[in-house]
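The values are calculated or read from the model by the stated rules, or taken from the named source; none is laboratory data. Quantities reported herein were computed from a predicted structural model and do not represent experimental measurements. Cβ placement follows ideal geometry from the backbone for every residue including glycine, while neighbour counts extend to all protein chains displayed. Heavy atoms of the whole protein, side chains included, go into the accessibility calculation; ligands, DNA and RNA do not. Shrake-Rupley method; radii C 1.70, N 1.55, O 1.52, S 1.80 Å.
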Amino acid sequence: MAATKTLLITGVSSGFGRALAQEALAAGHRVVGTVRSEQARRDFETLATSNVIGRILDVTDFDAIDGVVGNIEATVGPVDVLVNNAGYGHEGVLEESPLEEMRRQFDVNVFGAVAMMKAVLPYMRGRRRGHILNITSMGGHITLPGISYYCGSKFALEGISETVGKEVKPFGIAVTAVAPGSFRTDWAGRSMVRTPRSIPDYDGLFDPIREARRQKSGRQLGDPAKAARAMLDVIDSDSPPAHLLLGSDAIDLVRQKLSLLAEEIDEWETITRSTDG
Ligand code: NAP
């Protein structure tokens, strides 16, 4: 078995966070998981008889994050791996969706993850080792009408993740952006925030997308337990990747996007190059 590590995972009440906690515990690791209620904390701590510690944290409670991480370092021990998993999907056509919903989407999916990184990095840097996994999405590489705020947040986290990875590599810290395709979690069910429809012009484009996502919820291709085992393989790796896609839908769609992007870059190359000098 690979060396025992302490993982700090945000959002372990369901989905990927829960699955990763379970697989990590089964592999002999110690898991500190964050949840948002006392009931969820007690429930999480029943996952195993030892090595499982729940902490209450909303990742948008930015003023609390340093204290929670400091307390974990002092009372549980060094955090070897941070997994920024907490997040949700906002669904709504941009023109219909209030800016406030975009702020909330970025607060949770981007600012929360960054605040967590800023809290653990001083400890990891001091130890000259550590690994951060940021759960992004294939929606951090590809787009679909009706999820602009979500894709925006995940593109942002992909970019931030890649950049900070370059900044902390000299200190022996790795950063991996994990981009899953569609998996069977609560993402498109209880967790999704759906802006009500208001502009009939978008009916033809968007209604079928909203309906298809509702129908697919709970029947997605991806198995979160298998995603968790894949993430554990990456955590065990001596040279983890900066980006990891999970799922055949993710790899097919991202490859298609990259090839279309390359074609478009080629098509406009003359104009692109015309601005030098
Ligand atoms: P999920 O089952 O809904 O789990 C989301 C977790 O995040 C829950 O534990 C939830 O806690 C927590 N959370 C949400 N907002 C939070 C906040 N403000 N502070 C702290 N915790 C918060 O969905 P999931 O699919 O496992 O989502 C995990 C990550 O995977 C997300 O970042 C999501 O965007 C990403 N992802 C999912 C898919 C997919 O197909 N499932 C694909 C690509 C990426 P509560 O129980 O308290 O709400």
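Remark: the ILE199-ASP43 segment gains 51.9 nm on full extension, using 0.36 nm per residue and subtracting the alpha carbon distance.
Figure legend: label point modelled 7 angstrom from the Cα of ALA3 along Cα→Cβ; residues of the range 126-149 with amide N under 14 Å from it are 127-131. For the range 55-201, the percent of C-alpha pairs falling in each 5 Å distance bin, counted from 0 to the bin holding the largest distance, reads 2, 10, 18, 20, 18, 14, 9, 5, 3, 1, 1, 0.
With the convex hull constructed from alpha-carbon coordinates only, the chain shows a mean projected area of 17.3 nm² over all directions.
Of the solvent-accessible surface of the range 6-246, computed with a 1.4 Å probe over protein heavy atoms with every protein chain present, carbon and sulfur atoms account for 53 percent.
Determine, from the Cβ-Cβ distance of ARG128 and ASP61 and an R0 of 41 Å, the FRET efficiency 1/(1 + (r/R0)^6), rounded to the nearest 0.05. The value I calculate is 0.90. In the chain, the DSSP-assigned H stretches of four residues or longer account for a calculated mean residue ellipticity at 222 nm of -15000 deg cm²/dmol, using -39500 (n - 2.57) per stretch and the full residue count as denominator. Taking other residues whose beta carbon is less than 15 angstrom from the beta carbon of ASP63, and scoring Lys, Arg as +1 and Asp, Glu as -1, yields -3. Fully extending the segment from ALA262 to ASP233 would add 7.3 nm, taking 0.36 nm per residue of separation and subtracting the current Cα-Cα distance. So for the chain, averaging the separation of alpha carbon pairs under 8 Å that are six or more residues apart and normalising by length, what relative contact order in percent results? After rounding, I find 20 percent. The residues of the range 6-246 expose on average 44 square angstrom of accessible surface per residue, using a 1.4 Å probe on protein heavy atoms. Taking the Cα centre of the chain as the origin and placing charges on Cβ (Lys, Arg +1; Asp, Glu -1), which of ALA24, ALA242, VAL164 is farthest toward the positive end of the dipole? The residue sitting farthest along the positive end of the dipole is ALA24.
Using 1/(1 + (r/R0)^6) with R0 = 30 angstrom and r between the beta carbons of LYS166 and THR270, what's the FRET efficiency to the nearest 0.05? Efficiency, rounded to the nearest 0.05: 0.40.
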